[in-house]
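*Asks:* Can you keep this structure in mind? I'll have questions shortly.
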Amino acid sequence: MSALTRDRATSYREGIEVEFPVAAATKIYAGSMVCVNAAGYAAPAADTSGYRFVGIAMEQVDNSSGADGAEMLRLRRTGVFEFDAAALTQAMVGDVMYAADDQTFANTTGVTNHIKVGTLAKYVSTTKGWIDIAR
């Protein structure tokens, strides 16, 4: 590798919506939280070791009978989204939140692997809130 010695035409996109290959034997629902597994394939968010949160599914993709990467998923990587939550309080606004499953987030209580999904942007109730998934 070497440093540039002339101008470069660099491809650009906003990066708000991106595509990810979906894991084998996996169905992801529109509007769900999505992680990538240890192999880098999209899977429903879960409190699972080796998972990393990547965004919110913009569509349903059914790769139930496909191999890794046989289907692609379009998702949003930034924004503020309303989801179910576990035991929220108003005092948690601004706190980091973690995936409990593909539709539920929580603070550190009730999760083991601490898959960060964002920060609590707005408290709605003890079981619902708006989460800012910005990186």
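*Asks:* Ordered by packing density, taken as the mean number of other Cβ atoms within 10 Å over each peptide's residues, highest first, how do 27-34, 99-106, 59-66, 9-16 rank?
*Replies:* The peptides rank, most packed first, as 99-106, 27-34, 59-66, 9-16.
*Asks:* While we're on this one: Please report F20, F81 as a ranked list, fewest other C-beta atoms within 10 angstrom at the top and most at the bottom.
*Replies:* F81, F20
*Asks:* Can you sort R74, R6 from fewest to most other Cβ atoms within 10 Å of each residue's own Cβ?
*Replies:* Ranking R74, R6 by Cβ neighbours within 10 Å, fewest first, gives R6, R74.
*Asks:* Dipole size in debye (nearest 20) for the range 80-132 around its Cα centre, Lys and Arg Cβ +1, Asp and Glu Cβ -1?
*Replies:* My answer is approximately 120 debye.
*Asks:* What whole-number distance in Å separates the alpha-carbon centres of the range 48-73 and the range 118-135?
*Replies:* The two parts, judged by their Cα centres, are 23 Å apart.
*Asks:* To continue, here is another question. Suppose the chain between Q103 and A39 were pulled fully straight at 0.36 nm per residue; how much longer would it get relative to their current alpha carbon spacing?
*Replies:* Answer, rounded to one decimal: 20.8 nm.
*Asks:* Also, quick follow-up: Find the relative contact order for the range 1-73 and round it to a whole percent, using C-alpha pairs within less than 8 Å whose residues are 6+ positions apart.
*Replies:* 36
*Asks:* OK, next. Taking the Cα centre of the chain as origin, work out the dipole magnitude from +1 charges on Lys and Arg Cβ and -1 charges on Asp and Glu Cβ, in debye rounded to 20.
*Replies:* Roughly 420 debye for the chain.
*Asks:* Same structure, new question: If amide hydrogens are placed 1.01 Å from N in the peptide plane, which non-local residues have theirs closer than 5 Å to the one on A24?
*Replies:* D68, G69
*Asks:* Which cross-chain or sequence-distant (5 or more) residues have an amide H under 5 Å from the amide H of I115, H modelled 1.01 Å from N in plane?
*Replies:* Those qualifying (amide H under 5 Å, at least 5 residues apart or on another chain) are A99.
*Asks:* Based on other C-beta atoms within 10 Å, arrange L88, L4 from fewest to most.
*Replies:* Exposure proxy ranking, most exposed first: L4, L88.
*Asks:* Residue by residue through the range 40-55, which ³J(HN,Hα) values in whole Hz follow from phi under the Karplus form 6.51 cos²θ - 1.76 cosθ + 1.60 (θ = phi - 60°), with glycine and proline marked x?
*Replies:* x, 9, 5, 8, x, 4, 7, 7, 10, 4, x, 7, 9, 5, 10, x
*Asks:* Over the range 17-76, one equal point on each Cα, no solvent: what is log10 I(q)/I(0) by the Debye formula at q = 0.15, 0.16, 0.18, 0.28 Å⁻¹?
*Replies:* Normalising to I(0) and taking log10 leaves -0.32, -0.37, -0.47, -1.18.
*Asks:* With θ set to phi - 60°, apply the Karplus curve 6.51 cos²θ - 1.76 cosθ + 1.60 along the range 112-126 and write out the HN-Hα couplings as whole Hz, x wherever there is a Gly or Pro.
*Replies:* 10, 9, 6, 7, 5, 10, x, 10, 5, 8, 8, 7, 10, 7, 5
Every read-out reported here was derived from the displayed coordinates using simple, explicitly stated rules and does not represent laboratory data. The model shown is predicted, which means the values in this text are computed figures rather than measured ones. Neighbour counts run over all protein chains shown; Cβ positions are idealised from the backbone, glycine included.
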